Amino acid sequence: MKLGFGLPMAGEWATPQNQLRVARAAEDLGYHSLWVFQRLLYALKPKGDYPPLPGQPWPKAFERVMDPIVTLTWVAAATRRVRLGASVLIMPFYTLRPRHAP
């Protein structure tokens, strides 16, 4: 069985130092993979409930979320064996501008 889990990505505990601490510990313990998610935008005044939990407000931790590509790059530079992945990436946030012909 291959086990993996999510890196600290949201809220107060999502710091670069904690990401490295968790990643290195996971690798030392033999975990297979570490995962990130993407939630780069947060409404200042959400008008609806949090969709997965009707009747509940949006989680306060989502007000501060690390960039998944930056996190994966940071953790990749500090680990050797653990696999890294993203559960979802919204590609329009990362597309390159088309090159202009000379």
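The values are calculated or read from the model by the stated rules, or taken from the named source; none is laboratory data. This is a predicted model, so every value here is computed, not measured. Ideal geometry is used to build each Cβ from the backbone, glycine not excepted, and the neighbour counts take in all protein chains shown.
Per-structure values
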read-out: From the options Gly48, Gly55, residue that is on the phi > 0 side of the Ramachandran plot, loosely packed, with under 14 Cβ neighbours inside 10 Å and either small (Gly, Ala, Ser) or assigned to a helix (DSSP H, G or I) (or both); value: Gly55
read-out: Scope the stretch 1-21; condition small (Gly, Ala, Ser) and not in a loop (DSSP other than H, G, I, E, B); matching residues; value: Gly4, Gly6, Ala10
read-out: Positions within the stretch 47-102 being within 19 Å of Gly6 (Cβ to Cβ), of a type in the set (Asp, Glu) and either over 16 Å from the mean Cα position of the chain (by Cα) or at pLDDT below 85 (or both), in sequence order; value: Glu63
read-out: Some residue of the stretch 64-72 being in a loop (DSSP other than H, G, I, E, B), within 16 Å of Leu89 (Cβ to Cβ) and of a type outside the set (A, V, I, L, M); value: yes
read-out: Pairs, first over 15 Å from Arg64 (Cβ atoms) and of a type outside the set (D, E, K, R) in the stretch 6-25, second assigned to a helix (DSSP H, G or I) and modelled with pLDDT of 95 or more, C-beta under 8 Å, six or more apart; value: Leu20/Trp74; Leu20/Val75; Ala23/Val75
read-out: Tally, over the stretch 22-45, of residues that are of a type outside the set (Phe, Trp, Tyr), farther than 12 Å from Arg80 by Cα and part of a loop (DSSP other than H, G, I, E, B); value: 7
read-out: The listed residue being loosely packed, with under 12 Cβ neighbours inside 10 Å, free of Cβ contacts under 8 Å to residues at least 40 places away in the same chain, in contact with a Phe, Trp or Tyr (Cβ under 7 Å, 6 or more places away or on another chain) and not charged (D, E, K, R), out of Leu29, Leu3, Leu41; value: Leu3
